[in-house]
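**Student:** Got a structure for you, written out below as structure tokens; questions coming shortly.
The values are calculated or read from the model by the stated rules, or taken from the named source; none is laboratory data. On a predicted model such as this, the values are computed, not experimentally measured, just so you know. In this analysis, Cβ positions are derived from the backbone assuming ideal geometry, glycine residues included, and neighbour counts consider all displayed protein chains. Ligands, DNA and RNA are stripped out before the accessible areas are found, and what is left, the full protein with its side chains, is counted by its heavy atoms. Shrake-Rupley method; radii C 1.70, N 1.55, O 1.52, S 1.80 Å.
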Amino acid sequence: MKRLKRKKQNGGVVVNGNGSFTREPGCGRKQKLAEIHQALISDPVDIETLRRAAVSKGGLLTDELRRKVWPKLLNINIYDLPHKPGRDVRENHKDYNQVVLDVRRSMKRFPKGMPATERAVLQEQLIDIILEVLKRNTQLHYYQGYHDVAVTLLLVVGERMAIALLDTLSNYHLRDFMDPTMDSTKHILNYLMPILEQVDLELHDFMIRAEVGTIFALSWLITWYGHVLSEFKHTLRLYDFFLASHPLMPIYLAATIVLHREKEVKQTECDMAMVHHLLSRIPQDLPYELLIGRAQDLFEKYPPSLLAKRAALQSRKSLSISTFQAFQLSTLHQRPDSVLQRLTKAQGSTTSRHGLEAALPGDRGQLWRRGNRMVKMAVWGLSATLGAAVFAVAQTAMDWGPEALLQLF
């Protein structure tokens, strides 16, 4: 297995033009907090510093900071958020039934110990968030696993901001997953094996002989790992990383996870079912900071442009990749929140800070009880044991053919 050389530069983390970062031993927590605060109040907002903070060790540290930084990473004005969806968002929506089924199966994604009534309210909000984004973007197609991304945003930033964040992500980072067919998703998965080939040819050849394919990583990719990680803190750490990175970074992380487990893989019987069974179950004690660093190294050493030339990838253009550079540039001229608030007041906008659900977690229950439609039920019924991402895998395998479906068992 090749060892990747690290570039050393001053300043902790250096943002490269291709959307990757070079990291150096960082400063302490207090200095990081100070740097984030300074970046947020700069005019224009120092987006490069925010990206470095999101990628570097520990990510954005707290949910309070995520509520401030995530919107900036996606160029969202928190004083111009969408209104809460009305009842009409559910009327005659072609995806309504499937969204409801997926959301009802998402109970494990909510904090342990959360009262059933509060969880039920959030699940109702989750349904509305998803349907609202799809209603706003008729070119987008729902996929099973999309709700895993939506619930992560909802739990951190609240309903209205979650709509804004999900809308932007759906049109950029997640865009390839929201086509009417799985062709674009398969295109992204096709980057995995060329990365392994460059770093560990023996591991790559073993997996080729086993005919395991890449479907084991499908749920990782389309949910940004939210469906497969049991600790919410790990999910948040990865979301910090992905929100500040190139849209293909989740597949580079997938490669680092496989490489991290190379000994386990090579010691497994060279059989499709055995290797798929091993790889499809992510260990819950992975060294995430180390893997994030290695994913960055892989991205720098083997950028997508290089892999596309060396692999027999589809010729169709990836919308997520092709629009990324323009999207990054669009985030560089944002005004700080203090200026946006002043401008909003001057314009007489009805959207104000009081309209945000970006309250501290301690206030969240109060917000639910005051401002939301209460759900007239105590607890959702026990969900089906098969998770939404597994349905997505099965559905995709059916699309790819009977041979792929066999890989699930």
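**Student:** Of the conditions (1) within 18 Å of residue 147 (Cβ to Cβ); (2) in a helix (DSSP H, G or I); (3) open to solvent by less than 50 Å² (accessible area, probe 1.4 Å), residue 72 satisfies every one except a single condition; which number is it?
**Tutor:** (1)
**Student:** Only one residue in 234, 276 is over 17 Å from residue 199 (Cα atoms), at pLDDT 95 or above, open to solvent by 30 Å² or more (accessible area, probe 1.4 Å) and not in a loop (DSSP other than H, G, I, E, B), so which one is that? Steps first, please.
**Tutor:** Working: 276 fails: open to solvent by 30 Å² or more (accessible area, probe 1.4 Å).
Being over 17 Å from residue 199 (Cα atoms), at pLDDT 95 or above, open to solvent by 30 Å² or more (accessible area, probe 1.4 Å) and not in a loop (DSSP other than H, G, I, E, B) holds for just one of 234, 276, which is 234.
**Student:** Do we find a residue being part of a loop (DSSP other than H, G, I, E, B), at pLDDT below 50 and open to solvent by less than 40 Å² (accessible area, probe 1.4 Å) anywhere in the range 2-22?
**Tutor:** The answer is yes, given that some residue of the range 2-22 is part of a loop (DSSP other than H, G, I, E, B), at pLDDT below 50 and open to solvent by less than 40 Å² (accessible area, probe 1.4 Å).
**Student:** Starting from residues that are among the aliphatic types (A, V, I, L, M) and open to solvent by less than 70 Å² (accessible area, probe 1.4 Å), keep the ones in the range 75-107 and report whichever is nearest to residue 50 (Cα to Cα).
**Tutor:** Residues of the range 75-107 among the aliphatic types (A, V, I, L, M): 76, 78, 81, 89, 99-101, 103, 107.
Keeping just the survivors that are open to solvent by less than 70 Å² (accessible area, probe 1.4 Å) gives 76, 78, 81, 89, 99-100, 103, 107.
Details: 76: 14, 78: 16, 81: 21, 89: 34, 99: 33, 100: 35, 103: 32, 107: 32 Å.
So, considering only residues that are among the aliphatic types (A, V, I, L, M) and open to solvent by less than 70 Å² (accessible area, probe 1.4 Å), the one nearest to residue 50 (Cα to Cα) is 76.
**Student:** Hey, another quick one. Please find, within the range 150-196, the residue that is nearest to residue 123 (Cα to Cα) out of those that are of a type in the set (Val, Ile, Thr) and open to solvent by less than 10 Å² (accessible area, probe 1.4 Å). Outline the logic, then answer.
**Tutor:** Our first condition is that a residue be of a type in the set (Val, Ile, Thr); within the range 150-196, this holds for 151-152, 156-157, 163, 168, 181, 185, 188, 195.
Next, from what is left, pick out any that are open to solvent by less than 10 Å² (accessible area, probe 1.4 Å): 151-152, 156-157, 163, 185, 188, 195.
Numbers: 151: 8, 152: 12, 156: 14, 157: 15, 163: 14, 185: 27, 188: 30, 195: 38 Å.
Ranking the candidates gives 151 first.
**Student:** Among the residues of the range 246-273, count how many are part of a loop (DSSP other than H, G, I, E, B) and more than 19 Å from the chain's Cα centre (by Cα). Show your work before the answer.
**Tutor:** Filtering the range 246-273 down to residues part of a loop (DSSP other than H, G, I, E, B) leaves 246-248, 261, 268-271.
If we keep only those that are more than 19 Å from the chain's Cα centre (by Cα) as well, we get 261, 268-271.
Counting residues in the range 246-273 that are part of a loop (DSSP other than H, G, I, E, B) and more than 19 Å from the chain's Cα centre (by Cα) gives 5.
**Student:** Would you tally the residues in the range 118-140 being within 12 Å of residue 166 (Cα to Cα) and among the β-branched types (Val, Ile, Thr)?
**Tutor:** 3
**Student:** May I ask you to list pairs of residues, at least six apart or on different chains, whose Cβ atoms are under 7 Å apart, with the first in the range 193-207 being in contact (Cβ under 8 Å) with a residue 60 or more places away in the chain and the second being assigned to a loop (DSSP other than H, G, I, E, B) and crowded, with 19+ Cβ neighbours inside 10 Å?
**Tutor:** Pairs found: 193/214; 195/302; 198/302.
**Student:** Can I ask one more? Mind checking whether some residue in the range 82-99 is free of Cβ contacts under 8 Å to residues at least 12 places away in the same chain and either of a type in the set (A, V, I, L, M, F, W, C) or within 20 Å of residue 157 (Cα to Cα) (or both)? Steps first, please.
**Tutor:** Residues of the range 82-99 free of Cβ contacts under 8 Å to residues at least 12 places away in the same chain: 86-88, 91-92, 94, 97.
Now drop any that are not either of a type in the set (A, V, I, L, M, F, W, C) or within 20 Å of residue 157 (Cα to Cα) (or both), which leaves 86.
Yes, that holds for at least one residue.
**Student:** Looking at 330, 318 in this structure, which one is modelled with pLDDT of 70 or more and buried (at least 17 other Cβ atoms within 10 Å of the Cβ)? So that I can check it myself, show each step before the final result.
**Tutor:** Details: 330 fails: buried (at least 17 other Cβ atoms within 10 Å of the Cβ).
Step by step, each of 330, 318 is checked, and only 318 is modelled with pLDDT of 70 or more and buried (at least 17 other Cβ atoms within 10 Å of the Cβ).
**Student:** Conditions first: (1) hydroxyl-bearing (Ser, Thr, Tyr); (2) under 24 Å from residue 209 (Cβ atoms); (3) surrounded by fewer than 20 Cβ atoms within 10 Å (Cβ to Cβ). Residue 305 passes all but one, so which condition is the exception?
**Tutor:** (2)
**Student:** Is there a residue being touching a Gly at 6+ places or on another chain (Cβ under 7 Å) and of a type outside the set (Asp, Glu) anywhere in the range 91-108? Lay out the reasoning, then the answer.
**Tutor:** Restricting attention to the range 91-108, the residues satisfying the condition of being touching a Gly at 6+ places or on another chain (Cβ under 7 Å) are 105.
Next cut, of a type outside the set (Asp, Glu) only: 105.
Yes.
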